[in-house]
Each structure stands twice: as C-alpha cells, then as structure tokens.
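First the structure, in the form of structure tokens, and then the observations on it.
The values are calculated or read from the model by the stated rules, or taken from the named source; none is laboratory data. Just so it is clear, the structure is predicted and the values come from calculations on it, not from any experiment. So basically every Cβ, Gly included, is an ideal-geometry build from the backbone, and we count neighbours across all protein chains shown.
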Amino acid sequence: MFKKLWALAAAPLLLISGAAAADWPEREITLTVMYGAGGNTDLMTRLIAKHLEEKLGKPLVVANKVGAMGTIGPDFVARQKPDGYNLGVVTASTIALAPHLIPVKFTLNDFEYAAGFANPRFGIAVRADSPYKTLTELIEAGKTGKVFFASGAALNSLIIHNINAAAKTKFDIVNYKSGAEVSTALLGGQVQAILANPADILPHLPTGKLRILASASPNRWPELPDVPSIKEMGFDVGAESWTAIAAPKGTPKDIMRKLEKAVLDVAQSREFQDALSKLGNDSIRVSGAEFEASVRKRAVEWGESLKKADLLPK
C-alpha cells in the first residue's frame with residue numbers, strides 16, 4: 001500500500017520534470033568558464049556559446065570565474081541549481097589534474113557531462129629578440145636554472161615539469177590566471193618562455209613580437225607545419241586536455257540528452273570546426289559518457305605521474 005501511495009504522489013513530479021525538460025530552454029542560460037577573458041578557453045567558450053544559441057534558440061551568457069588553477073569555475077558550477085540553466089565548460093586539466101595539486105571542494109561525481117567538443121594545442125614560444133633561436137638552445141639554457149617559464153594552467157605546468165625530468169632542465173614556473181596574462185608576461189619581459197595555446201601565441205607571430213620554438217602537442221600545428229613537435233625532438237612529454245560542457249549533478253537526464261545532442265551537432269559543423277581550429281584547437285566529438293570515462297582515467301594517470309615526479313603537495 002505504501003509503495004502505491006508513493007508512486008501516486010511521485011507521478012505528478014515526474015510529469016512536471018519531463019515537461020520542464022521538454023520545454024527547456026525557456027530563458028537564457030549561464031555558461032561559466034574557468035579562465036579569464038581573451039584566453040584560449042574563454043574564446044572557445046564564446047564560440048560554442050554562439051553556435052549553441054542557434055541550436056537551442058535562447059541566449060547563452062558567458063561568465064568568467066577565474067583563479068586557483070582554473071578550479072574556481074567548476075566549483076561554482078557544481079554548487080548551482082541543477083535546472084539546466086547553469087552550465088559550465090570543464091577541461092580535463094581543471095577537474096582531473098588540478099585537484100591533485102590544490103584543495104578543491106568538488107569531485108568528478110559532482111557533474112553531469114554533456115559532451116566534449118575541443119582539444120587545445122600547446123606550444124613553446126619566446127620573444128622574437130630572445131637569444132634562444134631553437135628549442136635545443138632553450139633547453140641548454142634551462143639546465144642552468146635561470147630560465148622562467150610562464151604557465152596559465154595546471155596541465156601546462158605539468159608539461160614543463162615533464163620537460164625538466166626528460167631533459168634534465170631546471171625551468172622555473174610562474175603561474176598566471178589565463179593565457180592572455182601568460183603572453184603579456186612574456187611580451188613584458190617578466191619571463192623568458194611560455195608554454196601556451198595557439199590563441200596566445202599566433203597573434204604575436206605576424207607582428208614579429210614572438211617566436212615559436214616547438215609544438216608541445218603530440219603533432220605539429222596545422223598553421224605552422226614547419227615547426228617541429230617536441231615529441232619529434234625526442235621528448236615524449238606532451239599532453240591532451242579534452243574540453244566539454246557539464247552541468248551540476250542532478251540536472252534532469254532529458255535536459256542533458258538534449259544538451260548533448262546540441263553540442264555534438266555543433267561539433268560536427270564545418271563552420272564551427274574551422275573557427276575552432278583558427279583559435280588553435282582540434283575539434284573532437286565525444287559523448288558525455290566517453291568524456292567522463294576519459295577524465296576519470298586521466299585523473300588516475302596524472303596522479304601517478306605527479307607522485308612519481310614528487311610533485312604532489314606534502
């Protein structure tokens with residue numbers, strides 16, 4: 001009898017939930033990004049927001065919540081009402097790597113994952129007037145411990161640490177809140193080199209202000225096919241950080257399915273792929289389940305890598 005009464009009481013709630021999902025979205029959606037305006041992740045967020053607006057028929061307002069290795073944004077999203085109107089961009093770096101390095105209040109279980117849509121590329125650059133003309137010269141200088149590298153994200157820092165381990169260098173890392181701050185620091189002479197995304201490097205190449213020494217991704221950049229990858233030079237230290245859209249845990253499944261389809265449809269668009277590539281990112285098209293499985297695997301692998309390198313906080 002109790003079970004029957006509970007079922008009768010719950011039925012209207014289920015109908016309301018289903019109706020809400022069917023009508024979603026009825027108003028503007030907030031899309032939170034964890035890095036500052038003008039950086040690579042911010043730019044790709046604004047790009048997909050524009051395309052999702054066309055798919056969903058409602059505005060997506062981008063909000064920047066920066067700091068703490070990019071974990072402020074995901075933490076904010078995890079604590080929002082799970083109604084489909086509070087979404088966030090998440091990266092493997094910020095939700096699977098950074099929590100090993102600093103205290104965070106969220107876990108991978110605090111999100112519903114819609115779909116992955118981008119994989120950023122990485123590169124190593126110096127000022128155009130730098131004495132280092134090649135990566136080999138930079139690495140030789142790094143063995144003295146007098147070269148400062150700027151990093152705008154936890155994964156960038158890990159790649160630099162991996163270079164130190166593989167090349168026996170002593171690069172010091174200076175952390176910034178965004179890629180835009182990283183390139184500004186290099187241009188201002190605060191650091192000697194940066195490991196950054198194409199969006200933070202490419203605009204400064206035609207002006208003759210920066211020089212790129214190598215791709216820090218597994219492959220060469222399509223924009224600069226003559227620039228070698230660090231892997232080609234004998235250092236297999238590159239990394240990937242898939243980027244996806246997520247929502248607070250408990251967001252209705254019907255809404256998540258609708259959002260997943262919209263993201264995957266956008267990711268399939270040639271117009272979106274071309275625009276994403278111009279920002280310096282490779283387009284991917286992975287389901288929410290596939291993205292979640294990937295970041296859970298990465299979290300374990302990166303934790304082991306950090307422990308091996310003795311980089312975990314004491």
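Observations, loosely collected:
- The single condition among (1) modelled with pLDDT of 95 or more; (2) in contact with a strand residue (DSSP E or B) (Cβ under 9 Å, 6 or more places away or on another chain) that ASN281 does not satisfy is (1).
- Residue within the stretch 98-121 that is in contact with a Pro (Cβ under 7 Å, 6 or more places away or on another chain), assigned by TED's automatic domain parsing to the domain that holds ALA37 and among the β-branched types (Val, Ile, Thr) present: no
- Among the candidates GLU140, GLU54, residue that is in a helix (DSSP H, G or I), within 28 Å of LEU202 (Cα to Cα) and free of Cβ contacts under 8 Å to residues at least 40 places away in the same chain: GLU140
- Residue tally, condition surrounded by fewer than 14 Cβ atoms within 10 Å (Cβ to Cβ), closer than 19 Å to ARG257 by Cβ and in contact (Cβ under 8 Å) with a residue 40 or more places away in the chain, over the stretch 275-313: 1
- Here the stretch 241-272 is the region considered, the condition is being within 30 Å of ALA154 (Cβ to Cβ) and of a type in the set (D, E, K, R), and the residue that is surrounded by the most Cβ atoms within 10 Å (Cβ to Cβ) is GLU260.
- SER151 satisfies every condition listed in (1) within 18 Å of the chain's Cα centre (by Cα); (2) within 30 Å of GLU28 (Cα to Cα); (3) of a type outside the set (A, V, I, L, M) except (2).
- Test: LEU306 is out of contact with any strand residue (DSSP E or B) (no Cβ under 7 Å at 6 or more places or on another chain), among the hydrophobic types (A, V, I, L, M, F, W, C) and in a loop (DSSP other than H, G, I, E, B): no
- Residues in the stretch 65-89 that are surrounded by fewer than 19 Cβ atoms within 10 Å (Cβ to Cβ) and under 14 Å from TYR113 (Cβ atoms): PRO82 only.
- Scanning the stretch 75-87 for residues that are under 12 Å from LYS249 (Cα atoms) and not charged (D, E, K, R) yields VAL77, ALA78, GLN80, PRO82, GLY84, ASN86, LEU87.
- Residues of the stretch 200-258 classified as closer than 21 Å to ALA92 by Cα, among the polar types (S, T, N, Q) and out of contact with any Gly (no Cβ under 6 Å at 6 or more places or on another chain), total: 3
- The residues of the stretch 282-298 that are closer than 26 Å to TRP221 by Cβ and touching a helix residue (DSSP H, G or I) at 6+ places or on another chain (Cβ under 6 Å), listed by number, are SER283, ARG285, VAL295, ARG298.
- Applying the condition of being at pLDDT 95 or above and touching a Leu at 6+ places or on another chain (Cβ under 8 Å) to the stretch 134-166 and asking which residue is farthest from ASP310 (Cα to Cα) yields THR134.
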